[in-house]
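See below for the structure under consideration.
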Amino acid sequence: MRYEGDIYRPPGEWKSYLLQCTVGCSNNTCTFCSMYKSKRYHTRPLADVLEDIQMAQNTFYRDTETVFLCDGDAIDLPAEYLFAVLDALYKAFPRLRRVTTYAGPLSTLRKSPQELRAIRQAGLQRAYLGVETGDDALLRHVKKGVGADGMLRAGQALVEAGFDLWAIVITGLEGGGREALEKNAALTAKMVNEMKPKHLSSMTLMPIEGTPLYEEVRRGELTLQTPFESLLEVRELVRQIELSGLHYTSNHASNYLPVKGTLKEDRARILAQLDEVIAARDPSLLRDDVYRRL
């Protein structure tokens, strides 16, 4: 397949055919992210994308069941472009059951409810939304492109259009300290409760060299959480989520302790697991940093 630059996808899309429709990210200003900094954002010519689909059909991809549209934000594409891509995918792969993409909050808000609904009905089922935090000031500080109100409206728009929404948050963006983590957990849980995604993943902040956030840490402007503060924030987030049937994972490579389950059905079990490790304060119970390298 033909790709421009490095390609990224959510962990759950490791079996998917990765089809690059855009190059880079439509926002590309987030201070914690290094994924698309070497790319100039642009849309690939539709003819090239359709040709890639034909190439994939004629290779070992012919039995494809899932497709992830790259790069950072295929929702930013014109609706007619997406209709053409989705139509070609479902014609090329008879066993195709799911097409997914990252969704940016700004690009989502630029689409009308009618456009989002039509894109969903055309076969784009799942959208991964980097919510990061429910704290308005923090969202603006990390240059997400929207504040808390915009992020919530974007998530709700995707849910209302029928998308299988997968929200992603990052614990530790606010830095260390009990008061800060409790505030961030409460605001993030509130947003998740109002957004009502079907899936939620929490990742742990890992400053990446070359990013503005890394420089904040280096200059001493942001103090990183300790591993047990990180677990405490996860605990507070889980404790305050009131949704039922929410698929929750905190087992990304960045996380100190892999946990997953259904909220709020498995909340007591997850809290007990976290409480046991937090109370023990035993580093040997945590994922070693060797395995947390991204």
Condition set assigned by TED's automatic domain parsing to the domain that holds THR43 and under 15 Å from THR43 (Cβ atoms), scope region 1-26, selection nearest to the chain's Cα centre (by Cα): answer is CYS25
Looking only at region 187-196, decide whether some residue is closer than 27 Å to ASP289 by Cβ and buried (at least 17 other Cβ atoms within 10 Å of the Cβ). yes
Listed by range, helices (runs of 4 or more DSSP H) wholly within region 66-152 having at least 2 residues that are under 20 Å from PRO197 (Cβ atoms) are 105-110, 113-121, 136-141
Just one of (1) over 17 Å from the mean Cα position of the chain (by Cα); (2) surrounded by 23 or more Cβ atoms within 10 Å (Cβ to Cβ) trips up ALA56, so point out which. (2)
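I need the full set of residues from region 1-53 which are charged (D, E, K, R) and either in contact (Cβ under 8 Å) with a residue 24 or more places away in the chain or surrounded by 15 or more Cβ atoms within 10 Å (Cβ to Cβ) (or both), in order please.
Step one: list which residues in region 1-53 are charged (D, E, K, R), which gives 2, 4, 6, 9, 13, 15, 37, 39-40, 44, 48, 51-52.
Hits for region 1-53 are ARG2, GLU4, ASP6, ARG9, GLU13, LYS15, LYS37, LYS39, ARG44, ASP48, ASP52.
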Just to be sure, is SER107 hydroxyl-bearing (Ser, Thr, Tyr), farther than 18 Å from GLU236 by Cα, assigned by TED's automatic domain parsing to the domain that holds ILE53 and without any contact (Cβ under 8 Å) to a residue 12 or more places away in the chain? no
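Could you go through region 157-164 and let me know if any residue there is outside the structural domain of GLU194 (by TED's automatic domain parsing), surrounded by 19 or more Cβ atoms within 10 Å (Cβ to Cβ) and among the small types (Gly, Ala, Ser). Explain how you work it out, then say what you get.
Of the residues in region 157-164, the ones outside the structural domain of GLU194 (by TED's automatic domain parsing) are none.
No, region 157-164 contains no residue that is outside the structural domain of GLU194 (by TED's automatic domain parsing), surrounded by 19 or more Cβ atoms within 10 Å (Cβ to Cβ) and among the small types (Gly, Ala, Ser).
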Region 85-104: number of residues that are under 12 Å from LEU69 (Cβ atoms), surrounded by 19 or more Cβ atoms within 10 Å (Cβ to Cβ) and either within 17 Å of the chain's Cα centre (by Cα) or not aliphatic (A, V, I, L, M) (or both): 5
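Any residue at all in region 258-270 that is in contact (Cβ under 8 Å) with a residue 40 or more places away in the chain and surrounded by fewer than 18 Cβ atoms within 10 Å (Cβ to Cβ)? Outline the logic, then answer.
Going residue by residue through region 258-270, those that are in contact (Cβ under 8 Å) with a residue 40 or more places away in the chain are 263.
Those left that are additionally surrounded by fewer than 18 Cβ atoms within 10 Å (Cβ to Cβ): none.
No, there is no match, as no residue in region 258-270 is in contact (Cβ under 8 Å) with a residue 40 or more places away in the chain and surrounded by fewer than 18 Cβ atoms within 10 Å (Cβ to Cβ).
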Could you check region 59-78 and list, in sequence order, the residues that are exposed (fewer than 15 other Cβ atoms within 10 Å of the Cβ) and at pLDDT 90 or above? GLU65, PRO78
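The values are calculated or read from the model by the stated rules, or taken from the named source; none is laboratory data. None of these values were measured; they are calculated from a predicted model. Methodologically, a virtual Cβ is constructed for each residue, glycine included, from the backbone with ideal geometry; neighbour enumeration extends over all protein chains shown.
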